[in-house]
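In what follows, a structure is listed as structure tokens, so that the remarks can point back to it.
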Amino acid sequence: MEKAAGSPCVGGSYPQKNAEILSSQYGINLFLAGLLLTFAWAVHAVGISKSHLLSYLITLMLIQLLWMLWYLCRSCTQRRLIRDKDTHAGARWLKCGITLFAVITLILDSFKIGYYIDFSNCLSPTEGIFPVTHAVHTILQVYFLWCHAKDIIQSFKTLERFGVIHSVFTNLLLWTNGVLTESKHQLNEHKERLITLGFGNITIVLDDHAPQCNCTTTTLCSIFSQGIYYLYPFNIEYHILASTMLYVLWKNIGRKVEHHQQHKTPFKFHGITVGMIFGLVVLTSTIAIVVVYLIQIGRSKIKSELALTMFYLHAIFVLALMCTAGIVALLIYRLEDRSLDNSKNPARKLDAELLVGTAAGSWLLSWGSILAIICAQAHPKYTWYNLPYSVLVIVEKYIQNLFIIESIHREQEKMNDNIKTLRIVTISRGNTLSLTPSYEEIYNGRAAPDSGEVPCQFKGSVCGRENDGGGGAKEETSQDKSSVTHSASDFSFSSRNSVTNNKRRILKNIAAFLFLCNLSLWIPPAFGCRPEYDNGLEEIVFGFEPWIIVVNLAMPFSIFYRMHSAASLFEVNCKT
């Protein structure tokens with residue numbers, strides 16, 4: 001299909017393919033340069049300071065700001081033109097989600113500005129310029145995504161490819177910077193927790209790049225320095241969501257779309273009460289577990305072990321419920337005979353790839369924990385709960401990924417395509433009646449408005465007769481047979497319709513339950529409840545530094561997986 005569509009304009013498609021390749025290579029090199037700068041700052045490379053990294057990021061954000069302003073101005077001058085839109089990209093709920101994260105990111109920037117003012121004597125000017133630039137960048141980018149996330153760009157395509165891919169990798173670098181900063185803050189706390197668990201042989205000294213001067217206002221400094229790290233999870237999610245939305249925009253440049261009606265699927269609470277109740281119970285209990293965990297962990301050896309045991313038991317129970325719900329949903333899909341939608345869709349393809357790709361982060365950590373339990377010489381009691389927990393993490397993601405990917409590829413049922421309205425007909429006696437058939441009659445193919453026949457109303461008292469005399473007995477017999485046929489057919493339809501509705505209701509409740517469960521499982525690692533750090537067994541087997549590197553690389557993907565799964569399940573609930 002694609003080859004046939006592109007054959008008339010082979011000369012025009014070749015330079016566009018080159019532009020796509022060149023722009024992607026430009027973005028990758030941009031990202032690698034920033035990644036090396038970030039790594040050099042993290043390991044205290046000679047001649048590389050934090051100001052160099054921030055200057056690079058500020059430059060990238062300023063370039064993106066210029067491109068977005070140019071695009072917005074050009075769009076404003078061409079607002080009367082009819083443009084193609086990708087109806088699957090930039091859903092309203094996704095825009096609302098990124099707006100929420102952006103608002104919290106702006107609060108984070110304000111905290112950074114206050115932090116810089118208090119420590120201005122010993123911080124470089126870039127640490128004050130960065131949050132200001134980032135705040136402006138955030139505001140304009142959210143506005144840009146709200147207005148143009150669905151655009152399919154057909155003009156200045158080469159230039160736009162470079163502008164969009166620059167924006168994608170700028171957000172990825174800002175995400176990387178946020179992940180690294182938040183991780184460095186957590187490391188010293190985790191080291192102290194390990195010591196309370198009896199792992200006193202860990203002697204590595206960690207540095208969090210604290211300012212080397214006194215704060216002008218001690219109370220405010222404490223508020224700013226502590227508050228910043230509680231807001232980083234939202235900043236991290238904001239940038240990864242922005243980069244995915246911009247990537248879809250980049251993939252849509254120059255794309256040819258078929259114009260068809262897109263059915264809106266709004267979210268409705270009706271029919272998902274059971275799933276919402278169970279999901280809210282899981283969410284509430286998870287928040288309580290996280291609060292208790294953060295209070296107890298590191299206080300003493302007994303309290304730390306109890307906190308870890310409590311976390312593992314709760315997680316095992318939740319993951320087992322999620323596996324069961326996912327299996328039930330897949331069994332329902334096996335009982336249905338509905339075709340899959342295999343049409344080209346960049347947003348849907350990216351969703352599926354992100355689910356599998358980011359799940360690898362959790363799988364890496366889980367296999368590391370399983371190997372540590374097998375290879376360790378000593379096993380504290382609480383570490384044994386880590387084994388079923390790690391196995392369930394792997395299995396649950398297998399099942400959930402299969403359910404979500406199949407759900408977003410299933411075609412929606414078309415309920416009203418065969419519904420027709422019959423004309424008002426005149427019966428031989430001269431009475432004019434509206435003989436519009438019921439939905440059941442139309443659905444089963446019994447209404448034939450164009451054949452000249454007048455159908456009898458089901459469960460009605462009026463029926464058209466060809467003559468008034470001599471055929472009364474035959475007509476009554478005919479009516480009785482017709483009534484029996486209609487009753488059997490209507491009963492069959494009602495039964496099928498009831499089964500279909502029940503299946504759909506179960507699927508919607510499962511999607512709602514899994515949606516809230518994924519939000520619940522996003523909270524612990526996002527806010528510092530990370531047994532992969534605090535367990536201690538993995539550090540003994542693999543070594544402190546190697547395991548910390550593995551966790552710092554894999555944990556961001558694991559956190560993003562839960563948020564992305566929640567977003568995908570929300571879409572599944574709307575679509576079901």
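The values are calculated or read from the model by the stated rules, or taken from the named source; none is laboratory data. What you see is a predicted model; the values in this text were computed from it and never measured. Every residue, glycine among them, receives a Cβ derived from its backbone with ideal geometry; neighbour counts consider all protein chains shown. Note: accessible area is taken over every heavy atom of the protein model, side chains too, but ligands, DNA and RNA are not part of it. Shrake-Rupley method; radii C 1.70, N 1.55, O 1.52, S 1.80 Å.
Name the single residue, out of those in segment 280-318 being aromatic (Phe, Trp, Tyr) and open to solvent by less than 40 Å² (accessible area, probe 1.4 Å), that is farthest from the chain's Cα centre (by Cα).
293
Going by the structure shown, is residue 322 under 21 Å from the mean Cα position of the chain (by Cα) and under 27 Å from residue 553 (Cα atoms)?
Against the criterion (under 21 Å from the mean Cα position of the chain (by Cα) and under 27 Å from residue 553 (Cα atoms)), residue 322 qualifies.
Condition check: closer than 23 Å to residue 309 by Cα, modelled with pLDDT of 85 or more, out of contact with any strand residue (DSSP E or B) (no Cβ under 9 Å at 6 or more places or on another chain) and crowded, with 21+ Cβ neighbours inside 10 Å. Does residue 565 satisfy that?
no
Can you say whether residue 519 is touching a helix residue (DSSP H, G or I) at 6+ places or on another chain (Cβ under 6 Å), modelled with pLDDT of 85 or more and open to solvent by less than 30 Å² (accessible area, probe 1.4 Å), as far as the supplied structure shows?
In short, no.
Among residues belonging to segment 143-156 that are closer than 23 Å to residue 23 by Cα and assigned to a helix (DSSP H, G or I), point out the one that is modelled with the lowest pLDDT.
148
Testing residue 260 on (1) over 28 Å from residue 502 (Cα atoms); (2) surrounded by fewer than 17 Cβ atoms within 10 Å (Cβ to Cβ); (3) modelled with pLDDT of 85 or more, one condition comes back false. Which one is that?
Looking at each condition in turn, residue 260 falls short on (3).
For the condition open to solvent by 20 Å² or more (accessible area, probe 1.4 Å) and either out of contact with any strand residue (DSSP E or B) (no Cβ under 6 Å at 6 or more places or on another chain) or closer than 30 Å to residue 91 by Cβ (or both), what is the one hit in 532, 539?
After ruling out the rest, the residue left standing is 532.
Only one of 108, 123 is open to solvent by less than 30 Å² (accessible area, probe 1.4 Å), within 20 Å of residue 231 (Cα to Cα) and not hydroxyl-bearing (Ser, Thr, Tyr). Can you tell me which?
Exactly one residue qualifies, and that residue is 108.
In segment 204-219, is there at least one residue being exposed (fewer than 14 other Cβ atoms within 10 Å of the Cβ), in a helix (DSSP H, G or I) and at pLDDT below 80?
The answer is yes; a qualifying residue exists.
Quick one: which residue in 195, 139 is of a type outside the set (Lys, Arg), open to solvent by 30 Å² or more (accessible area, probe 1.4 Å) and at pLDDT 90 or above?
It is 139.
Could you count how many residues in segment 297-323 are in a helix (DSSP H, G or I) and either of a type in the set (A, V, I, L, M) or farther than 23 Å from residue 531 by Cβ (or both)?
Residues flagged as in a helix (DSSP H, G or I) and either of a type in the set (A, V, I, L, M) or farther than 23 Å from residue 531 by Cβ (or both) within segment 297-323 amount to 13.
So which residues in segment 152-170 are hydrophobic (A, V, I, L, M, F, W, C) and closer than 28 Å to residue 55 by Cβ?
Passing the criteria: 159, 162, 164, 165, 168, 169.
So which residues in segment 38-47 are open to solvent by 40 Å² or more (accessible area, probe 1.4 Å) and at pLDDT 85 or above?
39
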